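Remarks on the structure that follows.
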Amino acid sequence: MNTVVVATSNPGKLRDFAGAARRHGVELLPLPGFDSLPPAIEDGATFEENAAKKAVHYSRLAPGQLVIADDSGLEVSALGGAPGVLSARYAATGPHSGNASDEANNARLLAELAGKSDRRARFVCVIAAARAGRLLRTFRGEAQGMVLPQARGTQGFGYDPLFYLPALGKTFAELAPEEKAGVSHRGHAFEKFLSWNDTFSG
């Protein structure tokens, strides 16, 4: 079985990646000792920049390993693409206060959308692959949907309970991991990575 090393300790992301990996017969391995490693500085203006920063940084700390890292977030049409790269910090009180809770981020999103009829949104994920401190490639995946006025489902994380897929009649938080992997931004980006890795490794 092929293995993929991913640089994250976010349980929601690990669950998403594991669901995508199972669909393709791939074993997912968290980067050993991730929580004890010095963190990457995510100060890029785009998902691509932040994903690349993380992958390059952590690949330097994992000699010989092909390491992937991702940056992802929600872009809402009526908010000019916000929260975007600030998705995890949308409700944070200051530039150095770190990530906000899912509940706080969702509450701010709903407050910003109050009274707006345009609820269109998309989730974006960019996966970057690096080895020995060298960026190899990035892979972008998107999922189109809309923001509901109230949360539904308990299986997701982040904005998942508010992100609704009209074609399925469900939010991301109402989907099992493997089902979500087939339609999600992270699943689409991961599929592109696997296709490239098959060629790159072969």
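Entry note, the chain: relative contact order of 21 percent, from Cα contacts under 8 Å with a spacing of 6+ residues. Which angle between 0 and 90 degrees, to the nearest 10, do you get for helix 185-201 versus the longest principal axis of the chain when only C-alpha atoms count? Value to nearest ten degrees: 20.
Against the main long axis of the alpha-carbon atoms of the chain, helix 47-60 sits at an angle near 30°.
Figure legend: label point modelled 7 angstrom from the Cα of THR3 along Cα→Cβ; residues of the range 49-85 with amide N under 12 Å from it are 65-66.
Each of GLY133, LEU113, PHE123 was scored by the projection of its Cα onto the charge dipole of the range 69-148, and the greatest displacement toward the positive side belongs to GLY133; charges sit on the C-beta of Lys, Arg, Asp and Glu. Taking Cα centre as origin and charging only the Cβ of basic (Lys, Arg, +1) and acidic (Asp, Glu, -1) residues, the dipole magnitude of the chain rounds to 200 debye. Past 21 Å, Cα to Cα, is the threshold; run LYS116/LYS180; LYS53/LYS192; LYS13/LYS170; LYS170/LYS192 against it and keep the listed order. Check vs 21 Å cut-off fails for LYS116/LYS180; LYS170/LYS192.
For the chain, the longest principal axis of the C-alpha atoms and the axis of helix 11-23 are separated by about 70°.
For the pair ALA104 and PHE157, how long in nm is the line joining their label points, each one 7 Å along Cα→Cβ? Distance between label points: 1.7 nm. Answer rounded, prolate or oblate for the range 1-54, using the Cα gyration tensor with square roots of eigenvalues a ≥ b ≥ c: rounded when a/c is under 1.5, else prolate when a/b is larger than b/c, else oblate. Here the range 1-54 falls in the prolate category. Annotation for the range 14-28 versus the range 52-74: alpha-carbon center distance of 17 Å.
Distance between the pseudo-spin-label points of ALA111 and GLU178 (7 Å out from Cα toward the beta carbon): 4.1 nm. Once both labels are positioned 7 Å from their Cα atoms along Cα-to-Cβ, the gap between ASP118 and SER195 label points is 3.1 nm.
Throughout, read-outs are computed from the coordinates displayed, never taken from laboratory work. A quick note: this is a predicted structure, and the numbers were derived from the prediction, not measured. Here Cβ is always computed from backbone atoms with ideal geometry, including for glycine, and neighbour counts include all displayed protein chains.
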